[in-house]
Amino acid sequence: MDIRGLRYFIVTAQERNISRAAERLHMTQPPLTRHIQSLEEELGVQLFTRTSAGVELTQAGEALLGHAHNICSHVELATEQIRRVASGQEGRIDIGIFGSPMLNAVPRILGAFSRARPKVNVVLHNAPKMRQMEALRQGRIMVAFDRHFPEAPELQSELVGEEPLWLAINQRNPLALKTSITLADLELEPLIGEQDQSIFFASQALSKLQKVNPNIVHKAADMVSAVVMVSGGFGSALVPESVLNLKLPDVVFRPLAGEIVSMIGLHCIYRKDESSPLLAGLLACVQDYRDQSRAANTPLASPQ
C-alpha cells in the first residue's frame, strides 16, 4: 500500500465515478482501475461496488477511507516538517555561552536568530571554555561564543566583533578619581584576572602590561565574577566594554589610555565539518550583527 494508491482511492471515493476520478487525476481510466484493483488485492477486500451511476464504497471501503485521509495528512505534515528542518526553519541548536559575552552581543544575535526562525529550539549551555571546546568536539553543542580559544584543526571561528577594554575599579580606589587609566597606573595596581587569563591572551595590545608583570592578586572564573570581586574591594579588573552593562555597588569603569589602549575580540566557534543549515543561519546573524556594529560605530555601553 503506497501513498499514491491511497490518494487515487480517496479521489475515486469522493467522485463515486471512475471516469470523473481519472479526469481529476489527469490520467486515463484503465490505469486508475488497475490501481484500485491492485489495492483491493493487497488488502484482500472489495472496496467498491459498481452501480449504474458509477461506484459506491463497500463497508470495507468506508473503513479504509477514514484511515486513508489520516495517513495522507500525516505524510503531508511530515513532508513539510522535514523540508523546514532541511532549510533550517525547524530543529534544535545547542549553544555554549559563558561570562561577559552574555551581557551584550550574544543576546542580540540569538534574538535576531529566533525572530528569523521562531520554530527552532535554542538551547543554551553555560560552561567554562575548556568544557565548551570538549562539547564542540563531541558534537554536544553546535557553536560556542568566547573571546579566546586554543587552536584546533577541527575547529573554525567567525569574528563577532571587537570592543575596547576598560578598567573596573572600586569607587573607593584612588584610581576612580582619574578620567582614564595609563600603564603607570597599572604597574602596581592589584588586579583580578580570569583563571585562564584569556583577557591577556586575547588582546595582543596588552603585551606592554604583561612586560611589567601585572600584579594579579586574585583569579575569577570569568569577567562577571571578576567585577563582583571588584565590588567587594578585592582589586581592579580589566574587562570588555560589554561588562559596563553590569550595575554593581561601588563599581565604576574607566577607559584605558596611551599605549595600553586595547581592543578585544569575540568569536563564534564551530566545527569545520558542521553542515547544518541552522549553523548557516546563526552565522548569518553573526555577520549581520558585526556589520551593524561597524556601521553604527557606537560604544556598547556607557560608563558609570
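Cross-linked pairs K178/K247; K219/K272; K119/K219; K119/K272: Cα-Cα separations exceed 29 Å for K219/K272; K119/K219. With the biggest extent put first, the Cα atoms of the range 89-141 measure 30, 25, 11 Å across the principal axes.
By count of other Cβ within 10 Å, fewest leading, how are L266, L47 ordered?
Sorted ascending by nearby Cβ count, the order is L47, L266.
For the range 252-257, the Karplus equation 6.51 cos²θ - 1.76 cosθ + 1.60, evaluated at θ = phi - 60°, returns couplings of 10, 10, 10, x, 7, 10 Hz by residue, with Gly and Pro reported as x.
When Rg and Dmax are taken over the Cα atoms of the chain, they come to 31.9, 104 Å. Remark: the range 286-295, residue by residue, has Karplus-estimated 3J(HN,Hα) of 4, 5, 4, 4, 4, 5, 5, 5, 5, 5 Hz, where x stands for each Gly or Pro and the curve is 6.51 cos²θ - 1.76 cosθ + 1.60 at θ = phi - 60°. Of all DSSP beta bridges confined to the chain, the antiparallel ones make up roughly 60%. For the range 3-86, the Cα gyration tensor yields ellipsoid semi-axes of 25, 15, 11 Å (square root of five times each eigenvalue, largest first, whole Å). Hey, what number do you get for the chain at 222 nm if only DSSP H runs of n ≥ 4 count, each worth -39500 (n - 2.57), divided across all residues, to the nearest 500? Counting only the DSSP helices, I get -13000 deg cm²/dmol.
Values in this text are rule-based calculations from the coordinates and carry no lab data. Every value quoted in this text rests on a predicted model; they were computed, and no experiment measured them. Quick reminder, even Gly has a Cβ in these numbers, built from the backbone with ideal geometry, and neighbours come from all protein chains shown.
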